[in-house]
Amino acid sequence: MDRDLEGAAATSSEETLGAWRCVWRLPLLLLVVIAGCVAAIPLLPRGPKPGTAGATLLTNWSRIFLRVAGVRVRRVGEPLHDPTMFVANHGSWMDITVLHAVRPADFVAKAEIGNWPLVGWMARRGGTIFHRRGNTNSLAAVMAMMSERLRGGRSIAAFPEGGTAPPGTIKVFHARILQAALDAAAPVQPVALRYLRDGRPSPEVLFSPGESFLHNVFRVLSVPSLTAEVHFLKPVPFDAEGGRRRMAQTARAEIAQVLGLST
């Protein structure tokens, strides 16, 4: 009985601390977003071109945003130089910001993000390419834009799973998105993202089945400090025989190995 009471007291204390973390983190995050939007007006007119003040702004802003949210970023491995297509696993709403904190790139994201207050505006300034899921015409336009930017010397980052994966899983990688890299003769580098708390995988960050975006945001902001690891893996070799499908499978397998997941 005493142990049950102690456990209940500890749970209640942690919930109280979590609530206080949200109380001070949320207003600060809003200020960071507003400040980033103001700074983006002169520095990010058309996206984070490599080596510009805009790219530096995006990196520093991302790091500040994550620190306020209680997240430290640790890079493992070396990202390739521009232009490169980075393909990563997707489990959290923070994934884009985490990648920007170590390697700015133009992201492919769902069109709904473009309608979010402030965040959507800044995403457009940051060079995000928006895709309407399930829309064939949208996908064709996105692919053409990706190839054009890669040919122009800019890097692209995408989530081939097509959406966030449930905890402990990694979805099949859609191979078609790699065609943009093949058309532009750009290398493809897999990137493994994982979130740790006290050195162990943190389930709080990943979306639970049926969980809403806002609920997950509050849940993430209520936990103690986290570490986001960004693993840049060896580039996927061009596979003339297996084509983009084999390349997508290889990228997925390399990421799954880092995450300790079976393929």
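Can you name the residue in segment 231-252 that is of a type in the set (A, V, I, L, M, F, W, C) and either touching a helix residue (DSSP H, G or I) at 6+ places or on another chain (Cβ under 9 Å) or within 18 Å of A157 (Cα to Cα) (or both) and, of all such residues, is surrounded by the fewest Cβ atoms within 10 Å (Cβ to Cβ)? Give the derivation first.
Going residue by residue through segment 231-252, those that are of a type in the set (A, V, I, L, M, F, W, C) are 232-233, 236, 238, 240, 247-248, 251.
Applying the additional criterion that residues be either touching a helix residue (DSSP H, G or I) at 6+ places or on another chain (Cβ under 9 Å) or within 18 Å of A157 (Cα to Cα) (or both) yields 232-233, 236, 238, 247-248, 251.
Numbers: F232: 20, L233: 18, V236: 24, F238: 15, M247: 22, A248: 24, A251: 27.
Top of the filtered list is F238.
Quick grid of which residues meet (1) in a loop (DSSP other than H, G, I, E, B); (2) free of Cβ contacts under 8 Å to residues at least 60 places away in the same chain; (3) in contact with an Asp or Glu (Cβ under 9 Å, 6 or more places away or on another chain):
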{"residue": "E148", "(1), (2), (3)": "no, yes, no"}
{"residue": "R154", "(1), (2), (3)": "yes, no, yes"}
{"residue": "P160", "(1), (2), (3)": "yes, no, no"}
{"residue": "G163", "(1), (2), (3)": "yes, no, no"}
{"residue": "G168", "(1), (2), (3)": "yes, no, no"}
{"residue": "I177", "(1), (2), (3)": "no, no, no"}
{"residue": "L182", "(1), (2), (3)": "no, no, no"}
{"residue": "A192", "(1), (2), (3)": "no, no, yes"}
{"residue": "L196", "(1), (2), (3)": "no, yes, yes"}
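So which pairs qualify, if the first residue must be in segment 24-47 and modelled with pLDDT of 90 or more, the second must be in a helix (DSSP H, G or I), the Cβ gap must be under 6 Å, and the two must be at least 6 apart or on different chains?
Pairs that qualify, where the first residue is modelled with pLDDT of 90 or more and the partner is in a helix (DSSP H, G or I), are R25/L221; L28/V68; L29/V68; V32/I64; V32/F65; V32/V68.
What is the one condition in (1) exposed (fewer than 14 other Cβ atoms within 10 Å of the Cβ); (2) within 30 Å of C22 (Cα to Cα); (3) under 20 Å from the mean Cα position of the chain (by Cα); (4) of a type in the set (D, E, K, R) that R194 does not satisfy?
(1)
Output the residues belonging to segment 57-87 that are β-branched (V, I, T), touching a residue at least 60 places away in the same chain (Cβ under 8 Å) and not in a strand (DSSP E or B). Walk me through it before giving the result.
Of segment 57-87, the ones β-branched (V, I, T) are 59, 64, 68, 71, 73, 76, 84, 87.
If we keep only those that are touching a residue at least 60 places away in the same chain (Cβ under 8 Å) as well, we get 71, 73, 76, 84, 87.
The one that is β-branched (V, I, T), touching a residue at least 60 places away in the same chain (Cβ under 8 Å) and not in a strand (DSSP E or B): T84.
Quick one: would you say P209 is in contact (Cβ under 8 Å) with a residue 40 or more places away in the chain and exposed (fewer than 15 other Cβ atoms within 10 Å of the Cβ)?
Details: in contact (Cβ under 8 Å) with a residue 40 or more places away in the chain: yes; exposed (fewer than 15 other Cβ atoms within 10 Å of the Cβ): yes.
Spelling it out, P209 is indeed in contact (Cβ under 8 Å) with a residue 40 or more places away in the chain and exposed (fewer than 15 other Cβ atoms within 10 Å of the Cβ).
Take F218 and decide whether it is in contact with a helix residue (DSSP H, G or I) (Cβ under 7 Å, 6 or more places away or on another chain), touching a residue at least 40 places away in the same chain (Cβ under 8 Å), closer than 25 Å to R74 by Cβ and assigned to a loop (DSSP other than H, G, I, E, B).
Working: in contact with a helix residue (DSSP H, G or I) (Cβ under 7 Å, 6 or more places away or on another chain): yes; touching a residue at least 40 places away in the same chain (Cβ under 8 Å): yes; closer than 25 Å to R74 by Cβ: yes; assigned to a loop (DSSP other than H, G, I, E, B): no.
Judged against the criteria, F218 is not a match.
So, in segment 143-182, exactly how many residues are crowded, with 22+ Cβ neighbours inside 10 Å and within 20 Å of N89 (Cβ to Cβ)?
12
Since E204 meets every condition but one in (1) without any contact (Cβ under 8 Å) to a residue 24 or more places away in the chain; (2) over 17 Å from the mean Cα position of the chain (by Cα), which condition does it not meet?
(2)
Looking only at segment 93-119, count every residue that is in a loop (DSSP other than H, G, I, E, B), touching a residue at least 12 places away in the same chain (Cβ under 8 Å) and surrounded by fewer than 24 Cβ atoms within 10 Å (Cβ to Cβ) and tell me the total.
We begin by selecting, within segment 93-119, every residue in a loop (DSSP other than H, G, I, E, B); these are 93-94, 103-105, 116-118.
Narrowing the set further to residues that are touching a residue at least 12 places away in the same chain (Cβ under 8 Å) leaves 93-94, 103-105, 118.
Of the ones still in play, those that are also surrounded by fewer than 24 Cβ atoms within 10 Å (Cβ to Cβ) are 93-94, 103, 118.
The qualifying residues number 4.
The values are calculated or read from the model by the stated rules, or taken from the named source; none is laboratory data. Values in this document were obtained by computation on a predicted structure and should not be read as measured data. Here the Cβ is made from the backbone with ideal geometry for all residues, glycine too, and neighbour counts use every protein chain on show.
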